[in-house]
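Here's the structure we're looking at; comments come further down.
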Amino acid sequence: MISLPPVVRVYLYTAPCDMRQGFDRLKALAEAGVGVDPRGGHLFVYCSRRRDRMKILYWDRDGWALWSKRLEAGTYAFPFGAAGGREITSGELGALLSGLDLASVKQRKRYVEPLQRSA
């Protein structure tokens, strides 16, 4: 299980990516495709067309960090769609990296604190 601070969000880039892309191109995809400032400390997840490679880009206080993984066998159940972004939880990211299909996993009911209204 991946444990991230609550302020860190995880965004999937939902179109297949060329895994030869480096920091600058992936950062541009985060800005244009996901529509979120990539320097906010959030994770941006990209997957190859064959679904056997994944990269995670994030800003680490003083520079870009890139985590990469290539599967020796099998594929990720990455939910491809139109180019853009989709937010997931850190638990869903852990499940995705472990080989689980997010479409077939059912989330059980949990308590959600109601939003505080300003006076």
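From the residues in region 22-39 that are assigned to a helix (DSSP H, G or I) and touching a residue at least 24 places away in the same chain (Cβ under 8 Å), which one is surrounded by the most Cβ atoms within 10 Å (Cβ to Cβ)?
By that ranking, first place goes to ALA30.
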Inset, instruction - Among the residues of region 2-21, write down those that are polar (S, T, N, Q), out of contact with any strand residue (DSSP E or B) (no Cβ under 6 Å at 6 or more places or on another chain) and crowded, with 16+ Cβ neighbours inside 10 Å. - result: GLN21
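Looking at region 48-72, which of its residues are assigned to a strand (DSSP E or B) and either touching a helix residue (DSSP H, G or I) at 6+ places or on another chain (Cβ under 9 Å) or free of Cβ contacts under 8 Å to residues at least 12 places away in the same chain (or both)?
Passing the criteria: MET54, LYS55, ILE56, LEU57, TYR58, TRP59, TRP64, ALA65, LEU66, LYS69.
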Legend entry - Cβ-Cβ under 9 Å pairs, at least 6 apart or on other chains, region 82-103 side under 22 Å from VAL36 (Cα atoms), far side assigned to a helix (DSSP H, G or I) and modelled with pLDDT under 85: ALA83/GLY33; GLY84/GLY33; GLY84/VAL34; GLY85/GLY33; GLY85/VAL34; ARG86/VAL34; GLU87/VAL34
Legend entry - Residue check for LEU43: of a type in the set (A, V, I, L, M), surrounded by 13 or more Cβ atoms within 10 Å (Cβ to Cβ) and at pLDDT below 90: no
Inset, instruction - Can you tell me which residue within region 58-77, out of those that are under 16 Å from THR14 (Cα atoms) and either surrounded by fewer than 20 Cβ atoms within 10 Å (Cβ to Cβ) or at pLDDT 95 or above (or both), is farthest from the chain's Cα centre (by Cα)? - result: THR75
Legend entry - Residue ID - farthest from LEU4 (Cα to Cα), chosen from residues in region 73-91 that are outside any loop (DSSP other than H, G, I, E, B) and touching a strand residue (DSSP E or B) at 6+ places or on another chain (Cβ under 8 Å): GLY85
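The values are calculated or read from the model by the stated rules, or taken from the named source; none is laboratory data. In this text the structure is predicted, and so the values were computed from the model without any measurement. Reconstructed Cβ throughout: ideal geometry from the backbone, glycine too, with neighbour counts over all protein chains shown.
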